[in-house]
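Reading through the structure tokens given below for one structure.
Please treat every number below as a calculation from the coordinates, not as lab data. Remember, predicted model here, so these are calculated numbers, not experimental data. Ideal geometry is used to build each Cβ from the backbone, glycine not excepted, and the neighbour counts take in all protein chains shown.
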Amino acid sequence: QFDFWDIDKAAGCILNLLDDSILRNKVVEDASDNLNTITWDSSAQKVMNAYSSNHFV
């Protein structure tokens, strides 16, 4: 991960992914694993938990 406002660092990360197939495959694998845990229900629950913990609900 990187600071999205740091354009030079973002470009460096992209270049690293283009040049390093092992790193690229690891990022793809990790992203695929992460996508399996993201659902509308889990996202909604996280929002509700955030509101509840801040006494909005």
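Computed from phi, the 3J(HN,Hα) profile of segment 2-12 under the Karplus parametrisation 6.51, -1.76, 1.60 (θ = phi - 60°) reads 8, 6, 5, 7, 8, 4, 5, 5, 4, 4, x Hz, with x in place of Gly and Pro.
Between Leu23 and Trp5, the modelled labels are 2.4 nm apart [label points 7 Å from Cα along Cα→Cβ]. Work out, in µm²/s and without decimals, the Stokes-Einstein translational diffusion coefficient of the chain at 25 °C, 0.890 mPa s, Rh from Kirkwood over C-alpha pairs. It diffuses with D of about 175 µm²/s by this estimate. Taking 0.36 nm per residue of separation and subtracting the Cα-Cα distance, full extension of the segment from Asp33 to Met48 would add 3.0 nm.
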